[in-house]
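The values are calculated or read from the model by the stated rules, or taken from the named source; none is laboratory data. Keep in mind that what you see is a predicted model, and the values were worked out from it rather than measured. Counting neighbours? That spans all protein chains shown, and the Cβs are built from the backbone with ideal geometry, glycine included. Note: accessible area is taken over every heavy atom of the protein model, side chains too, but ligands, DNA and RNA are not part of it. Shrake-Rupley method; radii C 1.70, N 1.55, O 1.52, S 1.80 Å.
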Amino acid sequence: DDVQVACASLGDSAVQIVTVEPKTLSDVWGDVMTVAQACCVPERGTRLVRHMKARMDVVRATVAEVAIPGIERPKVAHLEWIAPIMGSGFWIAECVDAGGGEMICGKAGGNSATLDGPERLQEADIIILAPCGFSIERTKVELDATNLLADPAFLALPANRAARCFVADGNKYFNRSSCGVVETAEMVAEMCHMELAGLWGHHGQRFVNLRDLDIFCARSGAPASIKSVPGPEASHGPQPHAEQFSGATIQPVAKRPPPVVAERMTMGPEDVVKAQLAALQVADFDTAFEFNSEQNKARLS
């Protein structure tokens, strides 16, 4: 409802809201088609889905090449949250299957279950720490804050003792139903099969071994662990209180020229967002991009 009200405030009755709620990999393919259809480019959606499915088939075929007959697939636990500890499921279970693993503490199309504690991970051969919405760097902050890695129960886990715990970019690859699902399967394959480590180039980029986490996060040029928004600072002077809105009182946003980018560092977070919206309203995409933080600009580039 809030999104509908916000769209209505733009004064454009042609705004189309597309909602996606995938639970399985098939749903993800369907959502790509849904978005393509909404953008009036269904043929591009068909092409993209065909390409993604072909890439997923390559992952499965590559895993089959290195699989040893008679040896069970490694059991994989993906932790979608750390405090409390939560398992996974949904389409991620299918990505794990494509990568040559067998998901535990979750099932395809199922909800993320809350676990009693690290002891529930006893049977896992591989543990993937990729909390919802967190980058690798942000996950380290969470791990340090929760002291999970100092928990005797976690330290005693077979996967931890065998150095088969990994930290991955959950925000982009393990929680988001996007075209990145293929990369998710590739990463799982690299984790499950030592012969495939580095094949797709994800190790050291999109995931790292838990034992290398400190070194990875301390590397030169590592992004901030918490997203920052320019301003306000003490030197900027008093900042106005944020306006309070309810769904019934939002007024149409008047289109106006955006402030110059040079003003960005003297603006509060709310004003930065308003400036981006103002630029987008007049189709000035270059200016809207420049109002991003340096970290976001590097990521989006």
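Some notes on this structure:
- In a fully extended conformation the segment linking residue 47 and residue 73 would gain 6.1 nm over its present Cα-Cα distance, using 0.36 nm per residue.
- Kirkwood Rh in Å, taken over the stretch 1-144 so that all alpha-carbon pairs contribute: 17.9
- Enclosed volume per residue, in Å³, of the convex hull spanned by Cα atoms of the stretch 157-208: 77
- Heavy-atom accessible area for residue 273, with the other protein chains in place and a 1.4 Å probe, reaches approximately 80 Å².
- Inter-site label distance for residue 179 and residue 37 at 7 Å from Cα along Cβ, in nm: 2.0
- Rg over Rh, two decimals, the stretch 1-71 (C-alpha only, Kirkwood Rh): 1.24
- Dipole magnitude for the stretch 1-100: computed about the Cα centre from +1 point charges on Lys and Arg Cβ and -1 point charges on Asp and Glu Cβ, it is near 460 debye.
- Straight-distance crosslink candidates among aspartates and glutamates, where the alpha carbon sits under 16 Å from residue 53 and sequence neighbours closer than 8 are dropped: 27, 31, 43, 94, 97, 183, 186
- Rounded FRET efficiency, nearest 0.05, which uses the C-beta distance separating residue 61 from residue 289 and R0 of 45 Å: 0.70
- Cα centroid separation - the stretch 1-62 against the stretch 124-163, whole Å: 32
- Note on the stretch 18-150: with neighbouring protein chains present and a 1.4 Å probe, carbon and sulfur make up 53 percent of its accessible heavy-atom surface.
- Computed E for residue 3/residue 119 - FRET, C-beta separation, R0 35 angstrom, nearest 0.05: 0.25
- Solution diffusion estimate, µm²/s, Stokes-Einstein, the stretch 102-191, Kirkwood Rh from C-alpha pairs, 37 °C, viscosity 0.692 mPa s: 235
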